[in-house]
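Report on the following structure.
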Amino acid sequence: LLRGMGRNGRSVWRAESADLIHWSKAKLVLQRDPEDPVNMEYYSASVFPYEGLTLGGLERMHLSPDHLDTELIWSHDGGWKWERAPKRPAFLSPSTGERRWDDAWVSLPTNAPIRHHNRLWFYYSGRSGAHSAQYPSNHGAVGLALLRVDGFASLMAGERKGVVVTKPMRWPKAALHINVDPRRNLTSHPGFCTGELRAELRTAANKPIKGFTWNDGVPFTGNTVAAENAACPAIWKKGKCARDLAGKQIRIAFKLHDAHLYSFRAKI
């Protein structure tokens, strides 16, 4: 992805090449909109594939005060149409507090994160000074930021319970594994879980399937971050498993209370 200047400041363009010599004509894929603050411009964007999505780190140059952070963006069509969170929070921010080596400028690499056990490792660059800062006020280094697997975003319910239902899908011959963190406060001890998540399997018409209802399932009351692939299998009474519904069109309903749902997957 390239950057270019326009009436609204820098924007993100895309060009392709099979040999890194001959390039296609650049096409505009992302530009500032009315939701962006007037004192912010795009600086660059790095992208990488993740599961079935293309994720990107949009570098945002803030002019007042002068610093640079990174916003997470995503695309369902391989990087042509990009989506952003409504509130547009920073995914990677400069350090705060006492003076640090990365308290002015942070940038993600151009490669995907490295998966090590149940963490995603992001090696990032940082600087202690922004524009026109001279040595020794401006020095940089490479740091490491960690994220749980699939931890880019979550569906969360607090004290008030919440329910979310998926679209119909043809379920394979596989078990349902869920990545969940039943903590109200994600800064607390990883084992201090006070919430829960329940899963219910439904027909395409959104009717609960006998044997796979809320009451039939064993609730998730523990943090799955330490489990294999950061997910645990959904269990129902009498040994029932989502694998029993292979080939059928089903929906999955999740009921959360003081919990974060990061992802679910079919595990053969």
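The values are calculated or read from the model by the stated rules, or taken from the named source; none is laboratory data. These figures come from a predicted structure and were not determined experimentally. Every residue, glycine among them, receives a Cβ derived from its backbone with ideal geometry; neighbour counts consider all protein chains shown. Heads up: the accessible areas ignore ligands, DNA and RNA and are worked out on the full protein's heavy atoms, side chains in. Shrake-Rupley method; radii C 1.70, N 1.55, O 1.52, S 1.80 Å.
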> Near Pro136, within a Cβ-to-Cβ distance under 13 Å, what is the net charge of the other residues, with Lys and Arg +1 and Asp and Glu -1?
Replying inline: +2
> Modelled label-to-label distance, Leu28 and His116, 7 Å Cα→beta-carbon offset: nm?
Replying inline: 4.2
> How far is it, in nm, from the label point at Thr221 to the one at Asp66 when both lie 7 Å from their Cα along the line to the Cβ?
Replying inline: 5.6
> If we restrict to alpha carbons, what Rg and Dmax does the chain come to, in Å?
Replying inline: 21.8, 69
>> I want to check the label-to-label distance for Ile21 and Thr96. Put each point 7 Å from Cα in the C-beta direction and report it in nm to one decimal.
In response: 5.1
> Can you give the FRET efficiency for Met169 and Leu53, using 1/(1 + (r/R0)^6), R0 = 22 Å, r = Cβ-Cβ distance, to the nearest 0.05?
Replying inline: 0.85
> Counting only protein heavy atoms, what percent of the accessible surface of the chain is carbon or sulfur at a 1.4 Å probe?
Replying inline: 55
> Roughly how compact is the stretch 82-153, stated as its Cα Rg over 2.2 N^0.38 Å to two decimals?
Replying inline: 1.26
> Counting only Cα, what are the radius of gyration and maximum Cα-Cα distance Dmax of the stretch 101-140, in Å?
Replying inline: 13.2, 41
>> I'd like to know which of Cys241, Leu58, His76 lies farthest towards the positive end of the charge dipole of the chain, counting +1 on Cβ of Lys and Arg and -1 on Cβ of Asp and Glu.
In response: Cys241
>> Averaging the inverse of every distinct alpha carbon separation and then flipping it gives the Kirkwood radius. What is it for the stretch 54-114, in angstrom units?
In response: 12.8
